[in-house]
Each structure stands twice: as C-alpha cells, then as structure tokens.
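Asks: Quick one: this structure, given as structure tokens, is what I'll be asking you about.
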Amino acid sequence: LVHGINGGAGEIGHLSVDWQGPRCMCGNIGCLELYASGTGIVNRYVMKRELAGLDFAGKDTAAGDVIARWREGEPLAVEVMNEAIAALGTAVTSLIHIFNPELIIIGGGIAGL
C-alpha cells in the first residue's frame, strides 16, 4: 500500500478529471468527487435544476433519487449521470495507465445503487 507523506495517497476522489471544472474543497480543479460521488451527483443535479429555473426541493434529494430519475429518462438526471460516468471512466483509464492492474473493482455507496 502507498500512504504518501501525509497519509493521502490513493485518494482517487481528488484525481482531476476536468481541468476546466469547478474548484474542489481540496483546492484542486475538476476532482472526480465533484462528479461521481453521491454528494457530487446531488449537488450537480440541484445546480442544473436551479440554472434551468425549475422549482425543486433539492435539500431532500439523495443520490439514489437522481439515479432513479436517470433510469426514468429525466433529461437533467441523464446529463448529470452521463457526466458522472464519463468522469469515472476518465479516472479509471488514468489509473489503468499508471498502475496496469489486472482487475478494477468499483465500490462505495453509489456502486450499489
């Protein structure tokens, strides 16, 4: 295992997947976490609803709700999930090129939905 000098090695959530993306709380730009974490999915969905001028009580929304709307074909949920999938694919591709693993395992709360 690689720990890094401050114990933060292996934190792929802060791998940059969009060099023109929003600033993350870590200070980096376009972190995977902003797109493909449960919080990131909800935040992007609520932001897109607000930018579209749609009434929405986003404070009670969970990632599972956005995923359900995605499965139903709601356009903004589809847009958010397409971005999440593309960001995750970008991150995994970079990790494959760096580490050349035999197997990739995707885990976490979103993976189970």
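Asks: Looking at segment 22-44, is at least one residue touching a Ser or Thr at 6+ places or on another chain (Cβ under 9 Å), more than 25 Å from Leu95 (Cβ to Cβ) and assigned to a helix (DSSP H, G or I)?
Replies: No: zero hits.
Asks: Another question, then. Within segment 29-58, track down each residue that is in contact with a strand residue (DSSP E or B) (Cβ under 7 Å, 6 or more places away or on another chain) and either more than 15 Å from Glu83 (Cα to Cα) or loosely packed, with under 13 Cβ neighbours inside 10 Å (or both).
Replies: Result: Ile29, single match.
Asks: Return the only residue of Val78, Val92 being within 13 Å of the chain's Cα centre (by Cα) and at pLDDT 95 or above.
Replies: Val92
Asks: Taking segment 59-113, which residues are in a loop (DSSP other than H, G, I, E, B) and either buried (at least 18 other Cβ atoms within 10 Å of the Cβ) or of a type in the set (S, T, N, Q) (or both)?
Replies: Matches in segment 59-113: Thr61, Asn100.
Asks: Which of the following residues is among the aliphatic types (A, V, I, L, M), modelled with pLDDT under 95 and over 20 Å from Gly112 (Cα atoms): Ile12, Ile29, Ile5?
Replies: None of the others qualify; the one that does is Ile5.
The values are calculated or read from the model by the stated rules, or taken from the named source; none is laboratory data. Computed from a predicted model, the values in this text were never measured in an experiment. Every residue, glycine as well, gets a Cβ built from its backbone with ideal geometry; the counts of neighbours run over all protein chains shown.
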